[in-house]
Amino acid sequence: MTELCVTNLSVVRDGASLVSNASFQLQPGELIVALGPNGAGKTSLLRAALALERRSNGTATIDGHDTSQLSPMARAESIAYLPQIRPLAWPNLVRDVVALGRFSHGAALGRLQATDRDAVEKALAACDLEHLADRRTDTLSGGEIARVHCARAFAAGAPLLVADEPVAALDPRHQFRIMELIADYVAGGGGALVVLHDISLAARYASRILWMKEGRIVADGSPADTLTAGRLESVYGVRARVSGLSVEIDGAA
Amino acid sequence: MTTRALLLPALAAACLVAIVAACLIGSTPLPADRVLAALVGGADAGDRLVVWQIRLPRAIAAFLVGASLGISGAALQGLLRNPLAEPGVLGVSASASLAATFSLYYGLTAISPWALPVAAITGALAATALIALAAIRTQSVVTLILIGVGLSSFAGAAMSLLMNLAPNPFSLSDMINWMLGSVANRSFTEIGLTAPFFFAGGAILLATRRGLSALTLGEEAASGVGLNLRHQRIFTVLGAGLATGASVALGGAIGFVGIVAPHIVRPFVGYDPARSLMPSALLAGLILVVADIFVRVLPTTNELKLGVVAALIGAPAFAWIAMQRRAVHD
C-alpha cells in the first residue's frame with residue numbers, strides 16, 4: 001500500500017516562513033481536504049511534499065523513499081499531481097492531453113503502447129469525455145477543461161492524487177462533478193489530497209480535513225470532529241453557524 | 001490520421017525532388033540527362049564539376065541550414081511554449097554570426113578550419129542559455145521576445161563595430177556575407193566541418209523531444225507527470241544551440257524559417273511540439289532549397305542573398321503569426 005508520509009515539514013522562502021512543522025499522512029481510501037485562507041501555505045505544503053519546492057526542514061516519504069531522492073518519473077508513478085489549472089500552451093486534442101498523464105510510463109504521443117491507450121480510454125470514460133476526445137482543447141469550456149485535467153491525472157494510474165484547487169472558477173454543478181470524480185477515484189482504492197476553498201464541499205466529500213493557518217496545520221480530523229463555528233472563526237476569521245455538516249457563513253468576524 | 005502518416009514521407013520526397021531540381025537549374029544551362037549522369041558519376045569532367053562542386057553542395061547546404069533552423073525553432077517553441085520563439089527572433093542566430101565574424105576578424109580561421117564553426121556554436125550556445133535562463137525567471141512571453149530583440153540588437157551593434165573597424169574591404173565583404181546569410185559557393189569541405197554539429201544537435205533534440213509534449217501542460221504540471229525540467233532545459237538549449245550554431249557557420253544568419261515551418265506543420269501533428277520536430281526540419285529545409293533556387297534564377301545584377309529573401313518573406317509571416325495569438329496566453 002502506497003502511503004505519503006509528511007513529517008515536520010517546513011518551507012522558508014526569502015526569510016518568510018510559508019510552512020512550519022507540518023505533519024500528515026495520506027493513504028489509499030482517504031480523501032483529505034486541505035482548508036485554509038489564502039496564504040495559509042496549502043500550495044507550498046503540497047509542492048514541498050512532492051519535492052517541487054525546497055524544504056528547509058522535514059521529510060516527505062512515499063513507502064519509505066524521500067520524494068526529494070526519487071526521480072520525477074518514479075515520483076509521478078506513485079503520485080499524480082494536479083497543480084492549479086493554467087492555460088495549455090497549445091490547442092492539443094483532448095485525447096493527447098490525457099495521454100500526457102502516461103508520461104511517467106514512457107508514453108510518447110502518437111506512439112502509445114496498448115496499456116497506455118487502455119488507460120487513456122478508461123480515464124476519458126471515467127470523466128465523461130469520450131464524445132470530446134477528438135476536440136481541440138481551445139474549443140472547450142472551463143468545466144470541460146477541468147475534467148480533461150482530472151482525466152489526465154487518473155490516466156497515470158497512480159495510487160495517490162494531489163490536487164490543488166481542482167474546482168477553482170467552476171460553477172456549482174461542475175464543482176460537484178469534479179468532486180464526484182475524485183470521490184470515485186478514492187472509492188476505487190486511490191488516496192487523494194485536495195485543496196479547496198469551499199467549506200461545504202469539503203464537509204461533504206472529505207474523510208479528513210487538514211485545517212491550515214499561517215503555515216501550520218492547526219487541526220486534522222474528520223469533518224464531524226473538526227468543523228465547528230469556533231474553528232471557522234479562528235482559521236478564516238468569519239462568523240458562522242454550523243449544524244452537522246452544513247455551514248452558514250454570516251460575515252467577517 | 002492518414003495525413004499525419006503521410007506527412008513525413010511526403011516532405012522527405014519533396015526535399016529530394018527539390019535538391020535534384022536545384023542540381024538541374026542554374027546559370028549554366030545543362031540538360032537534365034547530363035546532370036543526372038553527372039550525379040551518378042558519369043558525364044564529362046566539366047559537368048561533374050558543375051554538379052558536384054557547385055550545385056549539389058549548395059543545395060545540401062541550403063537544406064542543412066534550413067533543417068537545423070526548423071528543428072531548433074520547433075524545439076525552442078516547445079520549450080518556451082511560444083510559437084514566436086525562434087533562433088533568429090531570440091537573437092541566437094545574431095549572436096552566432098557575431099562570434100563567427102569575430103573569429104574571421106581576428107584571423108582565427110587561419111589557425112584551424114574548425115575555428116569558425118566552433119565560434120558560431122559557442123555564440124549560439126551562450127545566447128540560447130541566456131534566453132533559457134531568462135525564461136526561468138520570467139513567465140512572460142513578451143519579456144522573453146524583448147530580451148531576444150535586445151540580444152539581437154546588441155549582436156548587430158557589435159557587428160557594426162567590427163565592420164567599422166574592418167581593416168580592408170575584403171574582410172568587410174566577408175562580414176556582410178555572414179550578416180546577410182547565403183549558401184553560395186559552399187563546398188563539401190565546409191559541409192563536412194559543420195555536419196557533426198548538425199547531427200549532434202538534431203540527435204539531442206530528437207532524443208529529448210518527448211519532454212516537449214509534457215511541457216504543453218506548463219512547467220508545474222509537466223514536472224508533476226514526471227518530467228525532469230532541468231534536464232529538459234539543458235538538452236533543448238544544447239541541441240538548439242549546436243544546430244543553430246552549425247547552420248550559422250555554414251550559411252550565416254538566416255531568419256524566420258524556424259518560425260514559419262513549425263507554424264505550418266503544427267496543425268498536421270495535433271499541435272504536439274514533439275511530433276512537430278521532424279516535419280519542421282524537413283519543411284524548413286525544403287523552403288530554403290526552393291528559395292535558393294529562386295535566388296539563383298532571378299535575373300538580378302547582384303545575386304540576392306538567401307537570408308535577405310528569407311527575411312523579406314519571413315518577417316511579415318512573423319507579424320501575422322503574432323497577430324493571430326490570443327492575449328490569453330500571456
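The values are calculated or read from the model by the stated rules, or taken from the named source; none is laboratory data. Because the structure is predicted, anything quoted here is derived from the model rather than measured. Ideal geometry is used to build each Cβ from the backbone, glycine not excepted, and the neighbour counts take in all protein chains shown. Accessible surface areas use protein heavy atoms only, side chains included; no ligands, DNA or RNA. Shrake-Rupley method; radii C 1.70, N 1.55, O 1.52, S 1.80 Å.
Observations on the model:
- Filter result for residue B:204 (assigned to a loop (DSSP other than H, G, I, E, B) and either buried (at least 20 other Cβ atoms within 10 Å of the Cβ) or away from chain A (no Cβ under 14 Å) (or both)): no
- Checked against the criterion of being at pLDDT below 80 and in contact with a helix residue (DSSP H, G or I) (Cβ under 7 Å, 6 or more places away or on another chain), the candidates B:138, B:194 yield just one match: B:138.
- Matching option when the condition is of a type in the set (Asp, Glu) and in contact with a strand residue (DSSP E or B) (Cβ under 7 Å, 6 or more places away or on another chain), among A:128, A:138, A:118, A:134: A:134
- Pairs with Cβ under 6 Å, 6+ apart, first in segment B:213-230 and more than 14 Å from residue A:87 (Cα to Cα) and at the interface with another protein chain (Cβ under 7 Å from one of its Cβ atoms), second of a type in the set (Phe, Trp, Tyr) and open to solvent by less than 30 Å² (accessible area, probe 1.4 Å): B:224/A:81; B:225/A:103; B:226/A:103
- Summed over segment A:1-40, the residues that are open to solvent by 50 Å² or more (accessible area, probe 1.4 Å) and either touching a Phe, Trp or Tyr at 6+ places or on another chain (Cβ under 7 Å) or not small (Gly, Ala, Ser) (or both) give a count of 11.
- Of all the criteria given as (1) open to solvent by 40 Å² or more (accessible area, probe 1.4 Å); (2) outside any helix (DSSP H, G or I), the one not satisfied by residue B:254 is (1).
- Test: residue in segment B:167-177 that is within 14 Å of chain A (Cβ to nearest Cβ) and under 22 Å from the mean Cα position of the chain (by Cα): no
- Counted residues, segment B:237-270 - those being touching a residue at least 24 places away in the same chain (Cβ under 8 Å) and within 14 Å of another protein chain (Cβ to nearest Cβ): 7
- Residues of segment B:274-290 that turn out to be surrounded by fewer than 24 Cβ atoms within 10 Å (Cβ to Cβ) and within 13 Å of residue B:260 (Cβ to Cβ), as a count: 1
- Only one of the numbered conditions (1) closer than 21 Å to residue A:165 by Cα; (2) among the small types (Gly, Ala, Ser); (3) in a strand (DSSP E or B) is violated by residue A:29, and that is (3).
- Residue count for segment A:195-214, restricted to those that are surrounded by 23 or more Cβ atoms within 10 Å (Cβ to Cβ) and not β-branched (Val, Ile, Thr): 6.
- Candidates A:128, A:164, A:116, A:134, filtered to the one that is out of contact with any Pro (no Cβ under 6 Å at 6 or more places or on another chain) and open to solvent by less than 10 Å² (accessible area, probe 1.4 Å): A:116
- Yes/no for residue B:16 being closer than 30 Å to residue B:237 by Cα and free of Cβ contacts under 8 Å to residues at least 12 places away in the same chain: yes
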